[in-house]
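The values are calculated or read from the model by the stated rules, or taken from the named source; none is laboratory data. This is a predicted model, so every value here is computed, not measured. Cβ placement follows ideal geometry from the backbone for every residue including glycine, while neighbour counts extend to all protein chains displayed.
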Amino acid sequence: MLDSVAVSRSGPVAQVHDFKSGNEAAALAARDIGFHVMGYFPITPSTEVAETLSKMHADGEHEIVMIPADGEHGAAGICYGAALGGGRVLNATSSQGLLYSLEQLPVQSGTRVPMVLNVSTRTVSGPLDIRCDHSDIYFVLNAGWIILMARDPQAAYDMNFCAVRIGEHMDVRLPVIVAYDGFLTSHQKRRIERFDDPEAVKAFLGEREDPYSALDPDRPVTFGPYMNDPDLINNKVQQHQAMEDARRVIPEIFAEFAAFSGRDYRTVDAYHMDDADVALVLLNTAAENAKGVADKMREQGHKVGVVSPNVLRPFPTDEIRRLLKNVRAIVVGDRGDSYGAEGGNLSLEVRAALQQDPDNRTLVMSRVYGLGGKDFYDADAEEFFHEALTAAETGKVEVPFEYHGAYAGDDAAGPAPGLPPIKSEEVSRGMAKVTQNPETEKLEVELKPLWEMTTTPSRIAPGHGACPGCGFFPMLRQAYNVLEGNVVVLFQTGCAMVTTTGYPKTAHRITYIHNLFQNGAATLSGLVEMYHERIRRGEIPAAPEGEDTTFIMVTGDGGMDIGMGAALGTAHRNHKLIILEYDNQGYMNTGSQLSYATPFGHRTSTSEVGSTDSGKRFHHKDTPQIFAACNLPYVFTASEGYPEDFMRKISKAQWYAQREGMVYGKVLSFCPLNWRTTDDAAQEVLQTAIDSCFFPLYEVEQGHTNITYDPDAIGRRRKVADWLGQMGKTKHIMAEEHADQLEMTEKEVDKRWRRLKIKHESPEL
């Protein structure tokens, strides 16, 4: 007997059938709830929530204010601030995004400010993996948030409504997470029922009651005061009490929702548990798989059952003890490990719950399974059941804890290098000669003919997985052609990283490091300083002047949004390294979402075009000028469409990075998939972007601005409209109804170009 999923598929409120994924269902719930504000930042696999809401907003289906953040930490801050204003607030994230926002989560729960956060659960890096497990949600167990688990798209829809009611209950007043399995639920489509009576939904949700608000001038409130002993412990006991009150409130809200919708949820889902001798304790989709296996084993005469919490916080201790009181043996499965604790978090909490019952004799086995999206098949559930049956029969547990389905590996069977590593002398061919003019103190570069450079061995091997026409690899090849000696690269997360390092292969023939968007520059700065310190101590040999190892951070896909803080810190400290940004104008690695590098009016999956919206609502940031203001020795812009210009600049970059400090370069990089062009359109699109002065080619050397390509001076200046009309993502701007957008774009481009020319003509500016 299934106790807690939908017993009835229709309630008194009008509903319609739909076919949606978990992310889409969460977005539909957000629309139907009518949240006031959503702060968000894209990360796989939760991005689809914001994408779906953006499309609906463009078509006039809701009025939620969607605020694109500079990273998940910023998104959490946006949500907290919005929630302080008394309205309903939504966010969605996954994995590293959840961890990046983690510092903010206890702030919100500690000040008792409700909101809803949808989490498409995903494995936590490193190494990087984008598939499902529960390691991210386990990190949040101590953040003070209520955590609801949604096992399918229907539950993802329903739990959002329950989350609003639970979090806003005056006895609770806590933020709520709705967690569902990444890809397994977030992207798999199922039939759902959704509400078709806005007034009934409004009545069910009720008006949000706030005992205090940051927007009430007659009742000023101090949120988050400095609090010390002995006051803090009193605050925390109140927060504890709110969570304890939630134990009563959650079943009450679930019961009200059942009466409203016809779908009944319990704090713990119990399947075939009335007479079960053994059971599996699992979460979300794995539990659903196990139920079918339980049916099969029941037919074979085995009394087996499945227990699956729908609520992780507050942990349903009493319900777990009651359900397992007479069960002889259980296997608790965790999609995440609590390293060194002999079990994952679910296992530890189940053990603790049973230990509190002196009469309980249930044998417990802990198994870690399904990490990084590793499939959990019927055969796996059956193996778990048989392990529990064996323990019940023998009265003892042979293996209390282990990883299920892991392969220890064989050193002898490791992959052999496809190509040998590049040696420094192989690439030190003098393709660029850099000298410093003694009078101007500026650098002068003499390049060998381009045809001669084709003989330079490549530091990156062929066989990457990038899209046809991707501009990153021509850019990287051009840079590697003229860079001398030993090079160490760090790639932030992005298209270039993902397409060159699919384990167990790698396209890199030089030392390669990965770190996440938000911390790449800081990571590389630490390596640079270790390099120089070990030389100082005589632990590694010093190189002759100008022959030091060159350290380069490659970033793009919006990495200079979430990673801007670390990059600016690195710039101000002036470490000897190069930051090379491939500007593809969005978060392309996650499906072309809006970034702060996306130009005004451009269409992305989170700045949609429709009857209400028409692309991004604000101009792109001028990153080279930001770094120029940090007083770096050298800043430049370039394009793979102008190889000689780019190679001169990257040669200068290496000279300055080895001798004086940090260099920043921004390279316009073609992305046909998300710019919505043909694969072979790079030459024309890039040329027009440069000739229209949207992307000017220049350098700031020792504080002096020098335009290296002036379309005005050679009679090649083109209109911005010529460029916009070449890309599918901007063709809407050419329509008559968007004439104001075109005018605003033209004015902004002209303004930035005029300022640049003034700086070029006035070296002291």
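Considering every residue within region 540-550, establish whether at least one is crowded, with 24+ Cβ neighbours inside 10 Å, at pLDDT below 90 and at negative phi. So far as region 540-550 goes, no, none of its residues is crowded, with 24+ Cβ neighbours inside 10 Å, at pLDDT below 90 and at negative phi.
Taking region 312-347 as the range and being of a type in the set (Val, Ile, Thr) and surrounded by fewer than 18 Cβ atoms within 10 Å (Cβ to Cβ) as the test, only 317 passes.
Among residues belonging to region 606-637 that are surrounded by fewer than 24 Cβ atoms within 10 Å (Cβ to Cβ) and of a type in the set (S, T, N, Q), point out the one that is farthest from residue 658 (Cα to Cα). Going through the qualifying residues, I end up with 611. Of all the criteria given as (1) at pLDDT 95 or above; (2) surrounded by fewer than 23 Cβ atoms within 10 Å (Cβ to Cβ), the one not satisfied by residue 603 is (2).
Out of curiosity, is residue 271 of a type outside the set (Lys, Arg), buried (at least 18 other Cβ atoms within 10 Å of the Cβ) and within 32 Å of the chain's Cα centre (by Cα)? No, not satisfied.
Taken as a whole, region 275-291 holds no residue that is loosely packed, with under 14 Cβ neighbours inside 10 Å, at pLDDT 95 or above and not charged (D, E, K, R).
Per-residue answers, yes or no, for (1) within 17 Å of residue 560 (Cα to Cα); (2) touching a residue at least 60 places away in the same chain (Cβ under 8 Å); (3) not aromatic (Phe, Trp, Tyr):
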residue: 635; (1), (2), (3): yes, yes, yes
residue: 640; (1), (2), (3): no, yes, yes
residue: 655; (1), (2), (3): no, yes, no
residue: 658; (1), (2), (3): no, yes, yes
residue: 661; (1), (2), (3): no, yes, yes
residue: 666; (1), (2), (3): yes, yes, yes
residue: 671; (1), (2), (3): no, yes, yes
residue: 674; (1), (2), (3): no, yes, yes
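The residue of region 472-505 that is surrounded by the most Cβ atoms within 10 Å (Cβ to Cβ), among those that are free of Cβ contacts under 8 Å to residues at least 24 places away in the same chain and farther than 23 Å from residue 522 by Cβ, is 473. Considering 404, 386, the condition of being farther than 20 Å from residue 337 by Cα and either without any contact (Cβ under 8 Å) to a residue 24 or more places away in the chain or in contact with a Phe, Trp or Tyr (Cβ under 8 Å, 6 or more places away or on another chain) (or both) is satisfied by 386 alone.
Out of curiosity, is residue 211 in contact (Cβ under 8 Å) with a residue 24 or more places away in the chain, under 18 Å from residue 87 (Cβ atoms) and either assigned by TED's automatic domain parsing to the domain that holds residue 26 or among the aromatic types (Phe, Trp, Tyr) (or both)? Taking the combined requirement at face value, the residue satisfies it.
Among the residues examined, residue 327 qualifies as outside the structural domain of residue 134 (by TED's automatic domain parsing) and without any contact (Cβ under 8 Å) to a residue 60 or more places away in the chain. Here are some residues: 310, 284, 289. Which one is in contact with a Phe, Trp or Tyr (Cβ under 9 Å, 6 or more places away or on another chain) and on the phi > 0 side of the Ramachandran plot? On inspection, the qualifying residue turns out to be 284. Note on region 524-566: residues that are charged (D, E, K, R) and part of a helix (DSSP H, G or I) amount to 5. Close contacts from region 217-244, counting a first residue that is within 20 Å of residue 314 (Cβ to Cβ) and a second that is exposed (fewer than 11 other Cβ atoms within 10 Å of the Cβ) and among the small types (Gly, Ala, Ser), with Cβ to Cβ under 9 Å and a gap of 6+ residues or different chains, come to none at all. Quick check on residue 373: is it touching a Cys at 6+ places or on another chain (Cβ under 9 Å), modelled with pLDDT of 90 or more and not assigned by TED's automatic domain parsing to the domain that holds residue 183? Spelling it out, residue 373 is indeed touching a Cys at 6+ places or on another chain (Cβ under 9 Å), modelled with pLDDT of 90 or more and not assigned by TED's automatic domain parsing to the domain that holds residue 183.
Among the strands (runs of 3 or more DSSP E) confined to region 275-360, the ones with at least 1 residues that are within 21 Å of residue 399 (Cβ to Cβ) are located at 278-281, 304-309, 329-334. Residue 315 passes every criterion in (1) under 23 Å from residue 137 (Cα atoms); (2) in contact with a Ser or Thr (Cβ under 7 Å, 6 or more places away or on another chain) apart from (2). What about residue 461, is it in contact with a Leu (Cβ under 6 Å, 6 or more places away or on another chain) and under 30 Å from residue 679 (Cβ atoms)? So residue 461 passes the test. Tell me, yes or no, whether region 621-633 has at least one residue that is in a loop (DSSP other than H, G, I, E, B), touching a Ser or Thr at 6+ places or on another chain (Cβ under 7 Å) and not basic (Lys, Arg). The answer is no; no qualifying residue exists. Across region 295-307, the number of residues qualifying as surrounded by fewer than 23 Cβ atoms within 10 Å (Cβ to Cβ) and within 17 Å of residue 330 (Cβ to Cβ) comes to 4.
Restricting the first member to region 698-709 and to residues that are in the same structural domain as residue 648 (by TED's automatic domain parsing), and the second to residues that are among the charged types (D, E, K, R) and surrounded by fewer than 16 Cβ atoms within 10 Å (Cβ to Cβ), the beta-carbon pairs closer than 8 Å and six or more apart or on different chains are 701/442; 702/441; 702/442; 704/442.
Pick out the one residue from 640, 660 that is in the same structural domain as residue 570 (by TED's automatic domain parsing), crowded, with 20+ Cβ neighbours inside 10 Å and not aliphatic (A, V, I, L, M). Of 640, 660, the one residue that is in the same structural domain as residue 570 (by TED's automatic domain parsing), crowded, with 20+ Cβ neighbours inside 10 Å and not aliphatic (A, V, I, L, M) is 640. So for region 705-719 (the condition being surrounded by 20 or more Cβ atoms within 10 Å (Cβ to Cβ) and within 33 Å of the chain's Cα centre (by Cα)), does at least one residue qualify? Within region 705-719, none of the residues are surrounded by 20 or more Cβ atoms within 10 Å (Cβ to Cβ) and within 33 Å of the chain's Cα centre (by Cα).
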